[in-house]
Amino acid sequence: MSEVSLRAITPDDLPTLFENQYDPASAAMAGTPSREEADFYDRRTKVEANPANDTRAIMVDGEMAGDVVSWTDDSGRHIGYRIAQRFWGRGIATAALRLMLTEITDRPIQADLLQTNVGSRRVLEKNGFRLLGPDERPADAEPESHYFRLDA
Ligand SMILES: CC(C)(COP(=O)(O)OP(=O)(O)OC[C@H]1O[C@@H](n2cnc3c(N)ncnc32)[C@H](O)[C@@H]1OP(=O)(O)O)[C@@H](O)C(=O)NCCC(=O)NCCS
């Protein structure tokens, strides 16, 4: 198993992050449409500049394999991640989320995903997240999504 580590994201990482989200298979799995270049750079630059967000590059054997992002809104803290397709299936998302959860210690922390995203579901379950039941889902829950939470 390769060693997974996290580091701060730099502007030089943005082209790779653009390509990762532009991959149709990745976008379909995540259920978020790919952004065109100008839109991506504009939004991601704002995400990186916002001190309320925590973002990390996921490093594997000296290469950036993806990113993990945590943000807050009125409903609390959230987390999401994306791995480049050529790195899928090697336990990298599971290891990266585990590392990020040692750096971001706020709880509860939430994640939502398409119900079809079985890989991401496993990543969350292996890190202790719990699927919210019908009575616990947010008021504005998307019918096609699952909502997971890691409590204290
Ligand atoms: C979902 C995603 C993060 C998984 O990353 P990964 O590094 O391949 O995940 P891991 O290797 O840590 O796999 C964790 C578990 O999920 C399973 N898994 C991963 N991808 C899977 C898939 N496509 N179908 C079924 N199971 C899958 C693995 O077998 C493993 O399960 P196991 O430990 O029980 O054997 C990655 O496919 C991805 O970035 N997808 C696009 C973006 C996305 O969906 N992000 C999450 C948005 S909520």
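The values are calculated or read from the model by the stated rules, or taken from the named source; none is laboratory data. Because the structure is a prediction, the values reported are computed rather than measured. Don't worry about glycine lacking a Cβ; one is built from the backbone with ideal geometry, like all the others, and counts go over all protein chains shown. Accessible surface areas use protein heavy atoms only, side chains included; no ligands, DNA or RNA. Shrake-Rupley method; radii C 1.70, N 1.55, O 1.52, S 1.80 Å.
Have a look at the DSSP beta bridges in the chain and tell me what percent are antiparallel, nearest 5.
DSSP beta bridges in the chain are roughly 95 percent antiparallel.
Apply 1/(1 + (r/R0)^6) to the Cβ-Cβ distance of residue 2 and residue 98, taking R0 = 25 Å, and write down the FRET efficiency to the nearest 0.05.
E between residue 2 and residue 98, to the nearest 0.05, is 0.95.
Where the only charges are on Cβ atoms (+1 Lys, Arg; -1 Asp, Glu), what is the dipole of the range 4-150 about its Cα centre, to the nearest 20 debye?
620 debye
At q = 0.17, 0.20 Å⁻¹, what is the log10 ratio I(q)/I(0) for the range 4-150, with the Debye formula run over Cα points and no solvent?
-1.02, -1.45
Roughly how many Å² is the accessible area per residue of the range 4-150, as a whole number, for a 1.4 Å probe?
Accessible area per residue, the range 4-150: 54 Å².
How would the range 1-79 be classified by its alpha-carbon gyration tensor: rounded, prolate or oblate, with rounded meaning a/c under 1.5 and the a/b versus b/c comparison settling the rest?
rounded
Rounded to the nearest 0.05, what FRET efficiency do residue 75 and residue 144 give with R0 = 22 Å and r taken as the Cβ-Cβ distance? Could you check?
0.75
Using only Cα atoms, locate the centre of the range 82-152 and the centre of the range 1-51, then give the distance between them in Å, rounded to an integer.
Between the Cα centre of the range 82-152 and that of the range 1-51, the gap is 18 Å.
Taking +1 at the Cβ of each Lys and Arg and -1 at the Cβ of each Asp and Glu, which of 100, 24, 53 sits farthest along the dipole of the chain towards its positive end, judged by Cα position relative to the Cα centre?
Positive-end residue among those listed: 100.
How large, in percent, is the carbon and sulfur part of the accessible surface of the chain at a probe radius of 1.4 Å?
51 percent
Between residue 125 and residue 90, with labels modelled 7 Å along Cα→Cβ, what's the label distance in nm to one decimal, could you check?
Inter-label distance under the simple model: 2.5 nm.
Tabulate in residue order the Karplus-calculated ³J(HN,Hα) for the range 33-38, using 6.51 cos²θ - 1.76 cosθ + 1.60 with θ = phi - 60°, rounded to whole Hz; enter x for Gly and Pro.
Result, ordered by residue: x, 5, 9, 6, 3, 5 Hz.
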